[in-house]
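Below is one structure, written out as C-alpha coordinates, with a few remarks after it.
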Amino acid sequence: MATVVGYTRNDIKTWSNLVARVLTAGGVTADDVIQIAFNYGLFTGAFGFTTARSAWRVGHPGVERQHQRQIKIMQDFKTTALVCTPSYAC
(Lines give C-alpha, C1' and ligand atoms only; values in the text may rest on other atoms or scores of the structure.)
Protein backbone atom coordinates (compact mmCIF):
# COMPACT_ATOMS: atom_id res chain seq x y z
CA MET A 1 0.00 0.00 0.00
CA ALA A 2 1.33 3.42 -0.93
CA THR A 3 0.53 6.71 0.75
CA VAL A 4 0.09 9.60 -1.66
CA VAL A 5 1.23 12.94 -0.26
CA GLY A 6 0.67 16.26 -1.98
CA TYR A 7 3.69 18.28 -0.89
CA THR A 8 5.80 20.56 -3.05
CA ARG A 9 9.60 20.55 -2.90
CA ASN A 10 9.41 23.78 -0.97
CA ASP A 11 6.94 22.21 1.49
CA ILE A 12 9.39 19.37 2.12
CA LYS A 13 12.32 21.78 2.49
CA THR A 14 10.39 23.92 4.99
CA TRP A 15 9.12 20.88 6.88
CA SER A 16 12.60 19.36 7.03
CA ASN A 17 14.06 22.57 8.43
CA LEU A 18 11.35 22.78 11.08
CA VAL A 19 11.79 19.17 12.13
CA ALA A 20 15.56 19.66 12.34
CA ARG A 21 14.86 22.57 14.70
CA VAL A 22 12.56 20.36 16.80
CA LEU A 23 15.26 17.69 17.04
CA THR A 24 17.89 20.29 17.97
CA ALA A 25 15.59 21.82 20.61
CA GLY A 26 15.20 18.32 22.04
CA GLY A 27 18.96 18.01 22.44
CA VAL A 28 19.65 15.81 19.42
CA THR A 29 23.02 16.39 17.78
CA ALA A 30 24.83 15.09 14.70
CA ASP A 31 26.43 12.47 16.97
CA ASP A 32 23.07 10.87 17.82
CA VAL A 33 21.56 7.82 16.17
CA ILE A 34 17.86 8.54 15.75
CA GLN A 35 15.26 5.81 15.60
CA ILE A 36 11.97 6.93 14.06
CA ALA A 37 9.25 4.64 15.40
CA PHE A 38 6.21 6.16 13.71
CA ASN A 39 3.98 4.11 11.48
CA TYR A 40 4.43 5.24 7.87
CA GLY A 41 0.78 4.63 6.96
CA LEU A 42 -1.68 7.46 6.50
CA PHE A 43 0.02 9.54 9.19
CA THR A 44 2.52 11.56 7.18
CA GLY A 45 4.25 13.12 10.19
CA ALA A 46 6.88 10.39 10.13
CA PHE A 47 7.85 11.47 6.63
CA GLY A 48 8.88 14.89 7.94
CA PHE A 49 11.20 13.37 10.52
CA THR A 50 12.73 11.05 7.96
CA THR A 51 13.50 13.85 5.52
CA ALA A 52 14.85 16.22 8.18
CA ARG A 53 18.23 14.59 8.61
CA SER A 54 18.38 11.34 6.71
CA ALA A 55 21.98 10.72 7.80
CA TRP A 56 20.83 10.58 11.42
CA ARG A 57 18.00 8.14 11.08
CA VAL A 58 17.77 4.46 11.76
CA GLY A 59 15.04 2.63 9.88
CA HIS A 60 13.23 3.56 6.73
CA PRO A 61 9.71 4.09 5.41
CA GLY A 62 7.79 0.94 6.13
CA VAL A 63 9.37 0.20 9.50
CA GLU A 64 6.69 -1.64 11.43
CA ARG A 65 5.81 -0.60 14.95
CA GLN A 66 6.37 -4.03 16.44
CA HIS A 67 7.78 -3.63 19.91
CA GLN A 68 10.31 -6.45 19.74
CA ARG A 69 11.55 -5.31 16.35
CA GLN A 70 11.98 -1.73 17.57
CA ILE A 71 13.93 -2.94 20.61
CA LYS A 72 16.18 -5.06 18.39
CA ILE A 73 16.84 -2.04 16.14
CA MET A 74 17.72 0.01 19.24
CA GLN A 75 20.19 -2.62 20.38
CA ASP A 76 21.71 -3.28 16.96
CA PHE A 77 22.20 0.37 16.00
CA LYS A 78 22.81 1.71 19.52
CA THR A 79 19.98 4.22 19.24
CA THR A 80 20.52 7.37 21.30
CA ALA A 81 17.31 9.23 20.39
CA LEU A 82 13.81 7.84 19.91
CA VAL A 83 11.18 9.71 17.90
CA CYS A 84 7.65 8.43 18.55
CA THR A 85 4.42 9.31 20.28
CA PRO A 86 4.65 9.51 24.09
CA SER A 87 2.22 6.64 24.50
CA TYR A 88 4.31 4.38 22.25
CA ALA A 89 7.45 5.06 24.26
CA CYS A 90 5.73 3.85 27.44
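The values are calculated or read from the model by the stated rules, or taken from the named source; none is laboratory data. It should be emphasised that the depicted structure is a prediction, and the values quoted were computed from it without experimental measurement. Note that we place each Cβ from the backbone using ideal geometry, even for glycine, and neighbour counts take in every protein chain shown. Protein only, heavy atoms only, side chains kept; ligands, DNA and RNA dropped before computing areas. Shrake-Rupley method; radii C 1.70, N 1.55, O 1.52, S 1.80 Å.
Annotation: of all residues in region 4-28 being part of a loop (DSSP other than H, G, I, E, B) and farther than 25 Å from His67 by Cα, the one that is most open to solvent (accessible area, probe 1.4 Å) is Val4. Considering (1) closer than 17 Å to Ala89 by Cα; (2) at pLDDT 65 or above; (3) out of contact with any helix residue (DSSP H, G or I) (no Cβ under 6 Å at 6 or more places or on another chain), the lone condition that Phe49 does not fulfil carries the number (3). Restricted to region 70-89, and to residues there that are open to solvent by 50 Å² or more (accessible area, probe 1.4 Å), of a type in the set (S, T, N, Q) and assigned to a helix (DSSP H, G or I), the residue that is farthest from Gln35 (Cα to Cα) is Ser87.
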